[in-house]
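Below is one structure, written out as structure tokens; comments come after it.
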Amino acid sequence: MKTQAVRIERHGGPELMQVVEIDVPDPGPNQVRLKQHAAGLNFIDLYYRSGLYQAPLPHGLGSEGAGEVEAVGPGVKTLKVGDRVAYASGPLGAYSGAYVLNADSVVKLPAGIGYEQAAAMMLKGLTVQYLFRQTYRLQGYETILFHAAAGGVGLIACQWARALGVKLIGTVSSPEKAQLARGHGAWATIDYTKEDVVARVLELTGGAKVPVVYDSVGRDTWEKSLDCLQPRSLMVSFGNSSGPVTGVNLAILAQKGSLYVTRPTLTTHLTPRGRYEESAKELFQMVTSGKIRIEVTCRYRLEEAARAHEDLAGRRTTGSCVIIP
């Protein structure tokens, strides 16, 4: 069968993204083919498009989405045609009307969670799950610093922190984003375009600083984040929207208080399969219980994917955005 999909033939800017007709194969052993209803929009998509993250060219974009199973390959016993499913870490190519991936990469959607909502929450929500429940397991009494609090991951983090009883200090770039983050549960916000982040963290914590910083920004916030940490505390660098952190002298960790640093990824936190299912179950329970609400704030058609990347890179989006095949 054929379908429309976004492809790139070389790395570079959004203008290189093309909508083309592709052949979609039948699912092979232990694979399923989905009729795609929505794909998530994430910074990792920009990294693969630009070449910061490498994959053999030409290739598609997107690795998160939701849809309906329309064919199953040999050996698939847990899924059937018609099942509603979602995924957070499929192979590149989710910006497409149909999609083939391993059956172990998808989870069934519970009633009450729609396709667009699922596509908007799987990668982001499971990211917050592993950050808060695995990388540094929050207990409910901490004050933490979370960068980009008004983004898709950030708004989920604000709500999850509030549900845990954690005081989340979120950095934002405007009064509007500050209001949005506080409305989703942030205990306090810092507008980094006008305020000194380190000084405000000291003020908000009474000089104590924080035991953990969650940083998806990267290069621009690296040293400031370290300066916000208590001695022997953890820096969690899980993204690089401003560019990668490079040329780090490990001695800086000693100078700033015997600090720990980790660079986690979602994929390693979804392995083995049982952990993936447990993480997704916890995320779905948080959403269906109403403790976390997932708001799809912007929708783009396949032919608008380049604009979607421009908007995301330009910080013109808040919350979660999806691409509709």
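The values are calculated or read from the model by the stated rules, or taken from the named source; none is laboratory data. Remember, predicted model here, so these are calculated numbers, not experimental data. Every residue, glycine as well, gets a Cβ built from its backbone with ideal geometry; the counts of neighbours run over all protein chains shown.
A few remarks follow.
- Breaking point among (1) buried (at least 16 other Cβ atoms within 10 Å of the Cβ); (2) out of contact with any His (no Cβ under 9 Å at 6 or more places or on another chain); (3) of a type outside the set (Gly, Ala, Ser), for Thr288: (1)
- Residue check, Tyr99 more than 23 Å from Gly218 (Cα to Cα), assigned by TED's automatic domain parsing to the domain that holds Glu15, surrounded by 16 or more Cβ atoms within 10 Å (Cβ to Cβ) and at pLDDT 95 or above: no
- Every pair of residues 6+ apart whose Cβ atoms lie under 7 Å, when the first sits in region 277-292 and is assigned to a helix (DSSP H, G or I) while the second is among the polar types (S, T, N, Q) and crowded, with 21+ Cβ neighbours inside 10 Å: Ser279/Gln129; Glu282/Gln129; Leu283/Gln129
- Test for Asp196: is it modelled with pLDDT under 95 and outside the structural domain of Met286 (by TED's automatic domain parsing): no
- Residues of region 54-103 that are touching a residue at least 40 places away in the same chain (Cβ under 8 Å), of a type in the set (Ser, Thr, Tyr) and part of a loop (DSSP other than H, G, I, E, B): Ser63, Ser89, Tyr95.
- Any hit, region 26-38, residues being of a type in the set (A, V, I, L, M), surrounded by fewer than 23 Cβ atoms within 10 Å (Cβ to Cβ) and within 27 Å of Thr265 (Cα to Cα): no
- Residue in region 111-131 that is surrounded by 21 or more Cβ atoms within 10 Å (Cβ to Cβ), assigned by TED's automatic domain parsing to the domain that holds His309, outside any helix (DSSP H, G or I) and touching a residue at least 40 places away in the same chain (Cβ under 8 Å) present: no
- In the set Ala178, Ala199, Ala208, only one residue is over 25 Å from Tyr47 (Cα atoms), out of contact with any strand residue (DSSP E or B) (no Cβ under 9 Å at 6 or more places or on another chain), surrounded by fewer than 24 Cβ atoms within 10 Å (Cβ to Cβ) and not polar (S, T, N, Q); that residue is Ala199.
- Residues of region 300-314 satisfying the condition of being outside any helix (DSSP H, G or I) and either modelled with pLDDT under 95 or assigned by TED's automatic domain parsing to the domain that holds Leu155 (or both): Gly314
- Some residue of region 268-284 being of a type in the set (Val, Ile, Thr), surrounded by fewer than 13 Cβ atoms within 10 Å (Cβ to Cβ) and more than 21 Å from Thr205 (Cα to Cα): yes
- Selection within region 232-261: residues that are of a type in the set (S, T, N, Q) and outside any loop (DSSP other than H, G, I, E, B). The member of this set that is surrounded by the most Cβ atoms within 10 Å (Cβ to Cβ) is Ser237.
- Within the set Thr317, Thr271, Thr267, Thr297, the sole residue that is in contact with an Asp or Glu (Cβ under 9 Å, 6 or more places away or on another chain), among the polar types (S, T, N, Q) and either under 30 Å from Gly67 (Cα atoms) or assigned to a helix (DSSP H, G or I) (or both) turns out to be Thr317.
- Residue within region 244-258 that is in contact with a Phe, Trp or Tyr (Cβ under 6 Å, 6 or more places away or on another chain) and in the same structural domain as Val19 (by TED's automatic domain parsing) present: no
- Counted as qualifying within region 138-231 are the strands (runs of 3 or more DSSP E) with 2 or more residues that are under 20 Å from Arg316 (Cα atoms) and of a type outside the set (Lys, Arg), namely 167-172, 188-191.
- Cβ-Cβ under 9 Å pairs, at least 6 apart or on other chains, region 177-196 side farther than 15 Å from Gly151 by Cβ, far side surrounded by fewer than 18 Cβ atoms within 10 Å (Cβ to Cβ) and of a type in the set (Gly, Ala, Ser): Thr193/Ser173; Thr193/Ser174
- Subset of region 1-25 that is among the hydrophobic types (A, V, I, L, M, F, W, C) and within 20 Å of Tyr48 (Cα to Cα) - its residue that is surrounded by the most Cβ atoms within 10 Å (Cβ to Cβ): Val6
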